[in-house]
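So the structure is just underneath, and the comments pick up after that.
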Amino acid sequence: MEFMPKREHARFCSARCRVAWNRENWNRVNRDQQKWGSENWDEGDSPGSEPSALRWAIVAMRDTTDRLAKAQAGDRAQAFAVIGEAVWWVTIVDATLVRYYPDEYDSTLAAQPSRQRRIIEGTFGGLRYVRNRMGYYADQADFIQPRPGQPEGSRAPITEWTWRSLTPPTLETLPPRGQEWELSRYHAYQERLAGRPVGETFSLASAFLALVPTGLADSALGA
């Protein structure tokens with residue numbers, strides 16, 4: 001079926017289509033690249049290079065969090081999809097920076113006041129828990145709830161929706177180390193996400209990632 005855009009700049013028929021396209025192109029970048037190491041950094045910004053892949057993820061994250069701030073609760077299926085996509089891209093950028101810019105990441109985190117550092121670490125731990133389970137063990141609606149009293153079709157911003165409190169996960173199939181990791185992320189979720197607005201979570205996460213001084217990340221995020 002041919003896609004007929006309803007807005008001038010629309011490129012996708014639905015949020016689900018956008019998520020599928022973004023993830024396919026992210027996977028293609030990673031399949032095509034030869035190596036992510038620093039020895040490739042001076043070879044130009046080819047489609048398979050580490051800067052290209054990181055830039056792709058940063059731009060996708062920024063695009064998604066911008067749409068999150070503008071989205072309204074009128075279409076709940078669309079709202080859940082946008083929030084799920086934001087989880088995906090924020091954690092992709094975080095994981096990429098941790099792996100390939102560990103010194104810059106750690107120094108940026110260490111520069112935060114101790115209380116703020118614990119909040120940042122807990123927020124990302126909670127988001128990793130959501131990423132690992134959303135779509136595999138639970139749906140978006142299991143993690144997110146509209147603001148209490150908000151009627152179906154409301155035009156209120158979805159940034160006011162909140163994270164649900166969750167019961168502990170069943171982890172018997174995981175090895176002991178895996179159980180430890182997943183439980184720590186679950187507790188981070190309960191402490192730093194549950195009961196809080198989703199907009200607050202993504203604002204904090206994207207603001208911290210913009211501080212990591214990679215040069216590339218700064219320019220792509222408009223810092």
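Overview of results
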{"item": "Count of segment 111-122 residues which are open to solvent by less than 50 Å² (accessible area, probe 1.4 Å) and out of contact with any helix residue (DSSP H, G or I) (no Cβ under 6 Å at 6 or more places or on another chain)", "result": "2"}
{"item": "The listed residue being more than 23 Å from Leu209 (Cβ to Cβ), without any contact (Cβ under 8 Å) to a residue 40 or more places away in the chain and part of a helix (DSSP H, G or I), out of Glu180, Glu172", "result": "Glu180"}
{"item": "Close pairs from segment 192-209: first within 20 Å of Pro146 (Cα to Cα), partner in a strand (DSSP E or B) and open to solvent by less than 10 Å² (accessible area, probe 1.4 Å), Cβ under 8 Å, at least 6 apart", "result": "Leu193/Trp163; Ala194/Trp163; Gly195/Trp163; Arg196/Trp163; Val198/Ile144; Val198/Trp163; Thr201/Trp163"}
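The values are calculated or read from the model by the stated rules, or taken from the named source; none is laboratory data. What you see is a predicted model, and the numbers here were worked out from it, not measured in a lab. Glycine gets a Cβ as well: all are built from the backbone with ideal geometry, and neighbour counts include every protein chain shown. With ligands, DNA and RNA removed, areas are computed over all heavy atoms of the protein, side chains included. Shrake-Rupley method; radii C 1.70, N 1.55, O 1.52, S 1.80 Å.
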